[in-house]
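**Q** Take this structure, written in structure tokens, and hold onto it; I'll ask about it next.
Just so it is clear, none of the values below were taken in a lab; they were calculated from the coordinates. Remember, it's a predicted structure, so these values are computed and weren't measured experimentally. All Cβ positions, even for glycine, are placed from backbone atoms using ideal geometry, and neighbour counts span all protein chains on display.
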Amino acid sequence: MLFKRLPVSSNHAGDVNNARHIAYTEWGDPDNLHIVVCVHGLTRNCRDFDFLAEALAADCRVICVDVVGRGQSDWLADVADYDNYSLYLSDAVALLKHIGALGNDRIQLDWVGISMGGLMGMMLAIQPRLPLPLPIPIRRLIMSDIGPLIPAAALARIAQYLGKDPHFASFNEFEAYMKKISVSFGPLTEVQWHHLALHSVREYGDGTYGFLYDPGIAASFKKHLSQDIDLWAQWDELNVSTLILRGMESDLLQAETAREMQVRGARAQLIELPGIGHAPMLISDDQIAIARNFLLAPE
């Protein structure tokens, strides 16, 4: 695994304060023409994919990115920009250009996204809508527990902890709290929980511990709590091979939405996972096997 940082230009002309770096990890042979890009959920980070990336590295070049404001990527100068999806997408295109994925028609580009990362993949795959369309298409898309209809009630639940920015006296206290609010990830081993905690924590100057994301993300997120988010029009434009993973206890991707995703737009494959809510994290062996089988299956 290699850890790298990429400078990206400002999304706003003349705004020098918005110049930033995005961080990512890279796995596998850098000359491999099968590239898999992995993007995390709302407040998570690229190290969530270490287990999946390690399992794919012999067959693919795997790029796992920290979306701006998360993990080791820079925070935005204006928190209102966390609501600007075109900024996220332009950063993704800049990264693809940087790693040499654009302009080479021999490359097979696949996308794995958990929650927010899945929506980013969907938007990138419907190229005509983008201000920066991809010169090569996304071939296969995995969306973990996200769909084109996001209930306001699920957003309100997330808002209960998002942006509170709690501080903890010790790493152990932080880890226990992270496990408590992340129980919907489903059954993970103690090693896996510890890995998530270790790469989700930041230590402050006063010796306390907190989450490794900008709490300002909450400011823009809370604008969307009054009504469902409806992206069916975008989903109906999606025509790439798509796999949907749904936690059977999820309140964010409801069962009826997932069923409709099988007959509209991409006509996705659907796998539902018992004992899991929001979201399947592609860490357990069974979920990694599902992703590998989909991404590495013959054309």
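**Q** Note the full-extension length gain between Ala159 and Ser86 as 0.36 nm times their separation in residues minus their Cα-Cα distance, in nm to one decimal. Present the calculation step by step, with values, prior to reporting the outcome.
**A** Details: separation 73, 0.36 × 73 = 26.28 nm, distance 2.25 nm.
So the extension gain works out to 24.0 nm.
**Q** Sticking with this structure for a sec: With r as the distance between the Cβ atoms of Glu299 and His21 and R0 = 41 Å, compute the FRET efficiency 1/(1 + (r/R0)^6) and round to 0.05.
**A** 0.70
**Q** Can you give the direction-averaged projected area of the convex hull of the alpha-carbon atoms in the range 163-214, in nm²? List each step's numbers first, then the result.
**A** On the way: hull surface 14.5 nm².
That works out to 3.6 nm², a quarter of the Cα hull's surface.
**Q** Can you work out ³J(HN,Hα) from phi for every residue in the range 106-111, in order, using Karplus 6.51 cos²θ - 1.76 cosθ + 1.60 and θ = phi - 60°, giving whole Hz and x for Gly and Pro?
**A** Values per residue, Gly and Pro as x: 8, 6, 9, 10, 10, 10 Hz.
**Q** Within the chain, which complete DSSP H helices have Cα atoms spanning at least 18 Å along the helix axis and a mean Kyte-Doolittle hydropathy of 0.5 or higher? Each step should come with its number before you reach the end.
**A** Values: long enough: 85-98 (20 Å, 0.59).
Answer set is 85-98.
**Q** Assuming a ≥ b ≥ c are the square roots of the Cα gyration tensor eigenvalues, decide whether the range 69-212 counts as rounded (a/c under 1.5), prolate (otherwise, with a/b larger than b/c) or oblate.
**A** Values: a/c = 1.88, a/b = 1.80, b/c = 1.04.
Prolate, since a/c reaches 1.5 and a/b exceeds b/c.
**Q** A further question follows. Per 5 Å bin, what percent of the C-alpha pairs of the range 6-96 does each bin hold, from zero upward?
**A** Binned Cα distances yield the sequence 3, 14, 24, 23, 16, 11, 6, 3, 0.
**Q** In the range 186-282, what % of DSSP beta bridges are antiparallel (nearest 5)?
**A** Numbers: 3 of 8 bridges.
Just about 40 percent of them are antiparallel.
**Q** If pairing requires two Cys Cβ atoms under 4.7 Å apart, which cysteines of the chain are left without a partner?
**A** Cys60
**Q** Can you give me the pair-distance distribution of the range 202-264, C-alpha pairs, 5 Å bins, whole percents?
**A** 3, 11, 15, 15, 15, 14, 10, 7, 5, 3, 1
**Q** Ranked from highest to lowest mean number of other Cβ atoms within 10 Å per residue, what is the order of the peptides 274-283, 289-298, 247-256?
**A** Numbers: 274-283: 21.3, 289-298: 14.5, 247-256: 18.7.
My ranking of the peptides, most packed first, is 274-283, 247-256, 289-298.
**Q** What is the gain in length, in nm to one decimal, between Ile181 and Val201 on full extension, counting 0.36 nm per residue of separation less the C-alpha to C-alpha distance? Before the final figure, lay out the partial values.
**A** Details: separation 20, 0.36 × 20 = 7.20 nm, distance 1.43 nm.
My answer for the length gained is 5.8 nm.
**Q** Could you list the residues of the range 176-197 with an amide nitrogen less than 15 Å from a label point located 7 Å from the Cα of Glu249 in the Cα-to-C-beta direction?
**A** From the range 176-197, the list is 179-189.
**Q** Quote the relative contact order of the chain in percent (integer), defining contacts as alpha-carbon pairs under 8 Å separated by 6+ residues.
**A** Numbers: 592 pairs, mean separation 55.8, N = 299.
Averaging sequence separation for qualifying contacts and normalising by length gives 19 percent for the chain.
**Q** The chain: D in µm²/s via Stokes-Einstein (Kirkwood Rh, Cα pairs, 10 °C, 1.306 mPa s)?
**A** It comes out at roughly 82 µm²/s.
**Q** Sticking with this structure for a sec: Return the subset of Lys97/Lys164; Lys179/Lys223; Lys97/Lys223; Lys180/Lys223 for which the Cα-Cα distance in this structure is over 29 Å, preserving the input order. Before the final figure, lay out the partial values.
**A** Numbers: Lys97/Lys164 36 Å; Lys179/Lys223 27 Å; Lys97/Lys223 32 Å; Lys180/Lys223 26 Å.
Check vs 29 Å cut-off fails for Lys97/Lys164; Lys97/Lys223.
**Q** For Trp75, put the label point 7 Å out on the Cα→Cβ axis and report which residues of the range 162-195 keep their amide N under 18 Å from it.
**A** Hits in the range 162-195 for Trp75 at 18 Å: 162-168.
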